[in-house]
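Report on the following structure.
The values are calculated or read from the model by the stated rules, or taken from the named source; none is laboratory data. In this text the structure is predicted, and so the values were computed from the model without any measurement. Glycine also receives a Cβ, built like all others from the backbone with ideal geometry; neighbour counts cover every protein chain displayed.
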Ligand SMILES: [Zn+2]
Ligand SMILES: [Zn+2]
């Protein structure tokens, strides 16, 4: 995701597609597919960069354990400045201000920043949908796909005479 600023005249857009992996909270590997649109506006020796990230992550639902695509839309801004003895403009974080010099020669890899932005935007728990029914603690059935018999057993009317008998015995 190498960005070459040397040829930017006034405005330029770059589009990157990148596949990478992230670790989930549980330590499993998640496949990520990110599209990063980078808009660069140049004002003299200063370049303003705005990156918009659309990332799809193959995650596992915390309730039903089924894999699903978690969508993350995020982004970040950076300011690049060419020249020597450049000071950070007021109101800007050091991390968001990059001095272009001999070393990076107007090339900048936006992958680490893009990845970081996705990580920062990850929710704490991932659910396939807000009303995911999860799995039955009794039989392990995915309740989004099928009803299990565990809950039905509890309210099965055929059991009530037996329960009554048991209760009567307790009373004696
Ligand atoms: Zn789920
Ligand atoms: Zn069940």
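Observations, loosely collected:
- Hits in segment 5-40 - residues which are loosely packed, with under 14 Cβ neighbours inside 10 Å and within 12 Å of residue 80 (Cβ to Cβ): 6
- Residue 27 fulfils the conditions (1) under 29 Å from the mean Cα position of the chain (by Cα); (2) modelled with pLDDT of 90 or more except for a single criterion, (2).
- Segment 115-135, residues that are crowded, with 16+ Cβ neighbours inside 10 Å and away from ligand 1 (no atom under 13 Å from the Cβ): 115, 117, 118, 122
- Flag for residue 87 being assigned by TED's automatic domain parsing to the domain that holds residue 18, surrounded by fewer than 11 Cβ atoms within 10 Å (Cβ to Cβ) and modelled with pLDDT under 95: yes
- Extreme residue, farthest from ligand 2 (Cβ to nearest atom), among residues of segment 66-90 that are over 22 Å from residue 142 (Cβ atoms), in contact with a strand residue (DSSP E or B) (Cβ under 8 Å, 6 or more places away or on another chain) and in a loop (DSSP other than H, G, I, E, B): 83
- Enumeration of residues in segment 34-65 that are within 16 Å of ligand 2 (Cβ to nearest atom) and closer than 22 Å to residue 21 by Cβ: 65
- Scanning segment 49-65 for residues that are more than 10 Å from the chain's Cα centre (by Cα), part of a strand (DSSP E or B) and either crowded, with 17+ Cβ neighbours inside 10 Å or within 16 Å of ligand 1 (Cβ to nearest atom) (or both) yields 49, 51, 53, 60.
- Some residue of segment 91-105 being surrounded by 18 or more Cβ atoms within 10 Å (Cβ to Cβ) and touching a residue at least 24 places away in the same chain (Cβ under 8 Å): yes
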